[in-house]
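Heads up, the thing below is written out as structure tokens.
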Amino acid sequence: MGNQMDKMKLSHLSYAEVPTVDPNGLDTEEGPRIGVSYIFSTDDEELEENSGSVDGADKEHRTAEGEKQYDRRNEVECAVFNRDQCIYERCVNTPDTETYSPENLLNKCKAGDLVEFVSTGQFPHWAVYVGDFQVVHLHRAEIKNSFLTDASQGRRGRVVNHLYKYKAMSDDMVVQNAMEQVGAKDRELSWRNSECFAAWCRFGRREFKMGGEIRIGKQPYRLKVKVSEKQCHVLEFQSLEDLIMEKRRNDQVGMASVVQELANHLNGVGEVKPDPLSDHIDYPVI
């Protein structure tokens with residue numbers, strides 16, 4: 001299968017490279033742009049590892065105490081819709097987005113929680129807390145059972161159970177789902193990144209798995225990125241896993257870079273349009 005190919009990778013360096021309805025890069029019709037399909041992409045955290053930012057090599061974004069830096073002000077505020085239903089929403093500068101040192105995070109976790117580790121310039125790393133100071137996570141193409149402090153690799157973390165709006169399984173079932181996958185690696189894996197794996201453990205939905213949805217017909221998923229207090233930008237995707245890949249790329253580069261990319265791409269394109277999905281985030285679409 002194409003999504004199992006070892007050497008084929010696809011990533012986006014700017015929004016100018018993301019396909020739009022018009023092959024010239026300009027949308028002549030109203031509506032959101034069409035997002036990219038990552039069908040040949042492997043775990044996006046490999047990009048982070050290849051850049052030398054794992055296992056203590058990234059010193060640029062560390063504090064004097066050795067903890068990696070993270071600025072919540074540069075987070076990307078966004079929402080995800082499946083047709084007209086909001087299935088994910090991240091709002092910045094709320095108590096839920098507060099991050100903690102790995103040691104303090106342990107005091108806030110219970111078995112079955114989803115944990116997100118964040119650091120400037122890196123893809124967020126997700127894990128399932130299974131109790132006894134341990135997490136299960138997808139790392140370097142293998143499902144591993146690690147101590148939370150080791151899995152964090154110096155990054156700050158937080159509990160993110162609230163981001164996805166799906167109904168969660170019981171905590172015991174979440175832990176069971178995670179533990180049953182420990183040791184799976186390479187072609188045995190059904191998830192493209194740590195977020196998809198952790199979310200699958202908690203919600204059990206096939207949409208988080210590779211090939212869990214057929215990519216044909218109209219794109220049912222929308223990624224809605226807040227650009228300013230009065231504007232947002234929308235991309236459409238045929239599958240949730242494709243959308244998550246793009247969302248994680250935004251998380252890695254940060255809000256300032258996303259806004260700059262959109263400004264470069266959309267310079268002189270169209271007018272601000274009303275947003276039919278404004279019930280959750282109240283600002284128009286560009």
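The values are calculated or read from the model by the stated rules, or taken from the named source; none is laboratory data. Given the structure is predicted, the values throughout are model-derived calculations rather than measurements. Methodologically, a virtual Cβ is constructed for each residue, glycine included, from the backbone with ideal geometry; neighbour enumeration extends over all protein chains shown. Surface areas here come from the heavy atoms of the whole protein model, side chains and all, with no ligands, DNA or RNA. Shrake-Rupley method; radii C 1.70, N 1.55, O 1.52, S 1.80 Å.
For the range 135-155, does any single residue satisfy the condition of being without any contact (Cβ under 8 Å) to a residue 60 or more places away in the chain and in contact with a Gly (Cβ under 7 Å, 6 or more places away or on another chain)? Scanning the range 135-155, I find at least one residue that is without any contact (Cβ under 8 Å) to a residue 60 or more places away in the chain and in contact with a Gly (Cβ under 7 Å, 6 or more places away or on another chain), so the answer is yes. Scanning the range 190-214 for residues that are open to solvent by less than 70 Å² (accessible area, probe 1.4 Å), free of Cβ contacts under 8 Å to residues at least 40 places away in the same chain and part of a loop (DSSP other than H, G, I, E, B) gives SER190, GLY204, LYS209, GLY212, GLU213.
The condition of being modelled with pLDDT under 95 and within 21 Å of the chain's Cα centre (by Cα) holds for only one of ASN93, ASN177, ASN161, that being ASN93. Here VAL118 meets the list (1) modelled with pLDDT under 80; (2) aliphatic (A, V, I, L, M); (3) closer than 15 Å to VAL253 by Cα almost entirely, failing just condition (1). Looking only at residues in the range 215-230 that are over 14 Å from LEU243 (Cα atoms) and open to solvent by less than 50 Å² (accessible area, probe 1.4 Å), the one that is modelled with the highest pLDDT is LYS226. Going through (1) surrounded by fewer than 16 Cβ atoms within 10 Å (Cβ to Cβ); (2) outside any helix (DSSP H, G or I) one by one, ARG187 falls short only on (2).
Which residues, counting only those in the range 100-123, are within 18 Å of the chain's Cα centre (by Cα) and open to solvent by less than 10 Å² (accessible area, probe 1.4 Å)?
ASP113, LEU114, VAL115, GLU116, PHE117, VAL118, SER119, GLN122, PHE123
Taking LEU240 as the residue in question, decide whether it is at pLDDT 95 or above and crowded, with 16+ Cβ neighbours inside 10 Å. Yes: the conditions hold for LEU240.
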